[in-house]
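Visitor: Sharing a structure below in structure tokens format, with a few things to ask.
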């Protein structure tokens, strides 16, 4: 009599919340999977998390101030309360900064580079409301 094998349990996919993002690839383009195509609009102190998808071994995140087009590129800035990862990361979680007293919002452009040869970075925006 043959012994029955237990069926392999399928690993359940992580359920993404509204501010949870997965970094993946679509051809040669980096994709920030989650709501709004990786564009973030939330209140200060909201927790945001980024994790690598199966086709991205690690990623790097940078931020700049979002400027009017006629003002050129924005200066380096950081939208998060925790320190910037010191290079490549496989995950990053932090709360968003709060707008300073008197400001109604903060706006950043953030860039996600994947450690994948010849990949084109994603650069969505972060809007932080009071």
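Since every read-out is calculated from the coordinates, none of them should be taken as a lab result. What you see is a predicted model, and the numbers here were worked out from it, not measured in a lab. Ideal geometry is used to build each Cβ from the backbone, glycine not excepted, and the neighbour counts take in all protein chains shown.
Visitor: Looking at 73, 55, 115 in this structure, which one is without any contact (Cβ under 8 Å) to a residue 24 or more places away in the chain and either on the phi > 0 side of the Ramachandran plot or touching a strand residue (DSSP E or B) at 6+ places or on another chain (Cβ under 9 Å) (or both)?
Guide: One residue alone meets the criteria, 73.
Visitor: Examine the stretch 82-92 for a residue that is out of contact with any helix residue (DSSP H, G or I) (no Cβ under 7 Å at 6 or more places or on another chain), at positive phi and in contact (Cβ under 8 Å) with a residue 24 or more places away in the chain, and state whether such a residue exists.
Guide: Taking every residue of the stretch 82-92 in turn, at least one turns out to be out of contact with any helix residue (DSSP H, G or I) (no Cβ under 7 Å at 6 or more places or on another chain), at positive phi and in contact (Cβ under 8 Å) with a residue 24 or more places away in the chain.
Visitor: Another question, then. Against the definition (closer than 14 Å to residue 115 by Cα and assigned to a loop (DSSP other than H, G, I, E, B)), how does residue 85 come out, yes or no? Walk me through it before giving the result.
Guide: Numbers: closer than 14 Å to residue 115 by Cα: no; assigned to a loop (DSSP other than H, G, I, E, B): yes.
No.
Visitor: Another question, then. Could you tell me how many of the residues in the stretch 42-61 are surrounded by 15 or more Cβ atoms within 10 Å (Cβ to Cβ) and in a strand (DSSP E or B)?
Guide: Count: 9.
Visitor: Another question, if that's okay. Could you tell me which residue of the stretch 89-119 is farthest from residue 53 (Cα to Cα), considering only residues that are under 15 Å from the mean Cα position of the chain (by Cα) and exposed (fewer than 14 other Cβ atoms within 10 Å of the Cβ)?
Guide: My answer is 93.
Visitor: Also: Out of all the residues in the stretch 19-35, which are outside any strand (DSSP E or B) and either without any contact (Cβ under 8 Å) to a residue 24 or more places away in the chain or closer than 14 Å to residue 111 by Cβ (or both)?
Guide: Those that are outside any strand (DSSP E or B) and either without any contact (Cβ under 8 Å) to a residue 24 or more places away in the chain or closer than 14 Å to residue 111 by Cβ (or both): 27, 34, 35.
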